[in-house]
Every structure is written in C-alpha cells, then in structure tokens.
Amino acid sequence: MTQHESKHMQAGVVGWPIGHSLSPRLHGYWLREHGIDGDYQAYAVKPENLKDFIRSLPAQGICGVNLTVPHKELVFPFLDYIDDLARKIGAVNFVRVEDDKLYGGNTDGYGFLANLQENAPTWRPTAGPVAIIGAGGAARAAIVSLLEAGVPEVRLYNRTKTRAEKLGQIYAEYYDPARLKVGDWVDLSSGLSDITLLVNTTTLGMKGQPPLEIDLSRLPNTAVVYDIVYNPLETDLLRAARERGNVTVDGLGMLLYQAAPAFAAWFGQKVKVDPAVRHYVLKGLEV
Ligand code: ATR
C-alpha cells in the first residue's frame, strides 16, 4: 500500500526559514487529542523550490499544508483553485489536496475575527470606526475581515504611507472607498479619539523588535486594543492599554483560530480552541 492509500494523514507547514513555527506543536496537540493517525511537520522550502514542492503534494501523499513567510503570496500561480477570500487578502495560508488538485484558502481573517469575538465579546463591528496600524499581509487579513463584518470605517496607518495607499486602491475594487481611509503616520494618535478598536499588525513590540511608540491619551477607554503579536503575550502596547482600562486582545488566539478550519479540512475533525490548547502552545514559546 502506498502512503497515499494508507489511512495515515500527513500535513505540515511550509516556510523559509521555518524553525520558529508553533504550528507543529498546535496541530500535534489536536491530532493526539482526537486519536487521529496523522502527522504535521515543518517543511523548510526555499522560494525557488516552492513550485516543485507544492505541485508534488499529491504524489507525496500530503493532504495539505499551511504556508508561512514568504510563501503566502508566492504560491498563487502553483494552485488549481483559490477561494475569493484568499484573493481579497492577497495571501494563501493553507492548501488542501483533493482528487490530486490543489485548493488554496485563507483562514487568517477568520482567525483574526474569531479571536476578537472570543476575547472582546461585547465589541460590535458596526459600532464605529477602527484603526489598523501596518500595511503588510497581516493588515490585509484584518482589513478584509473587519470590512466583511460590517465595520463602517477602517483607518489605516503605516510608516510607509504609499504602501497603505496601495491597499486603499486594491480594496476600492471590493468595498466602498469611504470605508477605508489612509491616515498619516504622524496623525496616528489624534485619529484614535472616536474608534472602537485599535489593531497593531506590525512586528513592533515583538521580542527583539522595538516597541510600538504610540500616545493612547485620546483613545476612548471603551475601545478594544488588539495586538497580533504573541511573543511576548502582553506587548508594551497591550500593557499600556490594560493599565488605562481598555479591554485587550493578544495575538495567540489568532494563531489558534486560524489553524482550526484548516485542521478540519485536512483531517475531517472539528477542533476546539480552549484554555488547554492555548496553555500547551504557550509552553512552546518558552522552549
Ligand atoms: P506581515 O506580512 O507579517 O504583516 P510585513 O509585510 O513585513 O509583515 O509588514 C510589516 C509591517 O510592520 C509593515 O506595515 C511595516 O511598515 P512599512 O510598510 O513602513 O515597512 C511595519 N513596520 C516594521 N518595522 C516598523 C518600524 N520600525 N516602524 C513602523 N512600522 C514598522
């Protein structure tokens, strides 16, 4: 029997470099929890080898993969089908193999929103404007999920304004342009006075990176502050927000929630994002 015909199911995460990924630990937990005969491993694949690797998934008997930096954008031409959400976000974070065809999707936007809804359950998308800091891939997942959820206005602030403006142009094709406004980096603090949610999608505040320097004095204390960084779990931004009474949301839940639908698609098992899995994955940050 070939690996493909056997019941053992193989999945993984593809990146370059890949050493830091918590995904094998996370999926490994759910595989064991549900007694599934499967495995999830990290694949270090150079960008120049991505096409060959992805096209050979069916032959390798791999039922699907997650994609991480820098492959989320590079993988587009190598897939047979790509769903609308992944196209809007401009990134594919998971691939599913079915009948030897490769299907690309994106669960980052789902993970972003599900984490927000769990940790700030009273926040309502339609209640007012939100501010997003950053204009990279993570910002795109946040923008799309918030606009799809009905947020009336997203204010986008990025150090390099032209990058944010580029996103404004892209999303004018899908949404009313009045709903996505690009602000000047220097006006960030003054743009917070009437928002319901502040999101950091940059790498600032991550271990080894400088903190995000921001004046929160105008931020309403009813606003939620969400940092997609999860190492450390409480960034300087979240600590400052918590100390002034804002509800805060860290980035670990986004990692957990984006993984759940991909796991279900590959292994046919719905999984829960609960304190036990969160605790287990968190331990992986310490090793
Ligand atoms: P990802 O796809 O994970 O979002 P990315 O594309 O590298 O990562 O984007 C990183 C984001 O962090 C960008 O918005 C970047 O701003 P620029 O477009 O100006 O580069 C932002 N960023 C990184 N370092 C920063 C810094 N020191 N100050 C302000 N913004 C920074």
key: Close Lys-Lys pairs in the chain, where close means Cα under 15 Å and separation is 8 or more or interchain   = 7
ask   = Over the Cα atoms of the stretch 1-155, what Rg and Dmax result, in angstrom?
value = 17.2, 58
message = If packing is taken as the average count of other Cβ atoms within 10 Å, what order do 195-203, 26-34, 268-276 fall into, highest mean first?
response = 195-203, 26-34, 268-276
query = Angle, helix 23-33 long axis vs. longest principal axis of the chain, Cα atoms, 0 to 90°, nearest 10?
reply = 60
inquiry  = Taking 35 Å as R0, compute the FRET efficiency from the Cβ-Cβ separation of K166 and E48 and round it to 0.05.
reply    = 0.85
key: Estimated inter-spin distance, K207 and E118, nm [label 7 Å along Cα→Cβ]   = 2.1
query = Nearest 10 degrees, 0 to 90: what angle lies between the long axis of helix 275-286 and the longest principal axis of the chain (Cα atoms)?
reply = 90
ask   = What whole-number value in cubic angstrom gives the convex hull volume per residue for the C-alpha atoms of the stretch 49-119?
value = 93
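Using the count of nearby Cβ atoms within 10 Å as a rough guide to exposure, how do T160, T68 rank from fewest to most? Display every interim value, and only then the final one.
Numbers: T160 10, T68 18.
In increasing order of surrounding Cβ atoms, one gets T160, T68.
Multiply the residue separation of L233 and R55 by 0.36 nm, subtract the distance between their alpha-carbon atoms, and state the gained length in nm to one decimal.
60.4 nm
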ask   = Based only on Cα atoms, what Rg/Rh ratio does the stretch 207-287 have, Rh being taken as Kirkwood's radius?
value = 1.06
key: Global geometry of the stretch 133-270, whether rounded, prolate or oblate, following the gyration tensor of its Cα atoms and the 1.5 cut on a/c   = oblate
request  = Kindly express, to the nearest 10 degrees and within the range 0 to 90, the angle between helix 252-267's C-alpha long axis and the longest C-alpha principal axis of the chain.
outcome  = 30
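From the C-alpha coordinates alone, can you work out the Kirkwood hydrodynamic radius of the chain, in Å? Working shown, then result.
On the way: mean 1/r = 0.0509 Å⁻¹.
When all Cα pairs of the chain are included, the Kirkwood radius is 19.6 Å.
Run the dipole for the chain about the Cα centre, Lys and Arg Cβ at +1, Asp and Glu Cβ at -1, nothing else charged, and hand back the magnitude in debye, nearest 20.
Working: 29 positive and 32 negative charges, 50 e Å.
With Lys and Arg at +1 and Asp and Glu at -1, about 240 debye.
For every helix of n ≥ 4 consecutive DSSP H residues, a contribution of -39,500 (n - 2.57) applies; sum these over the chain, divide by its total residues, and give [θ] at 222 nm rounded to the nearest 500 deg cm²/dmol.
Rounded to the nearest 500, the figure is -10500 deg cm²/dmol.
Every number in this text was worked out from the coordinates using simple rules, so none of it is lab data. No experiment lies behind these values; they were computed from the predicted model shown. Backbone-built Cβ (ideal geometry, glycine too); neighbour counts: all protein chains shown.
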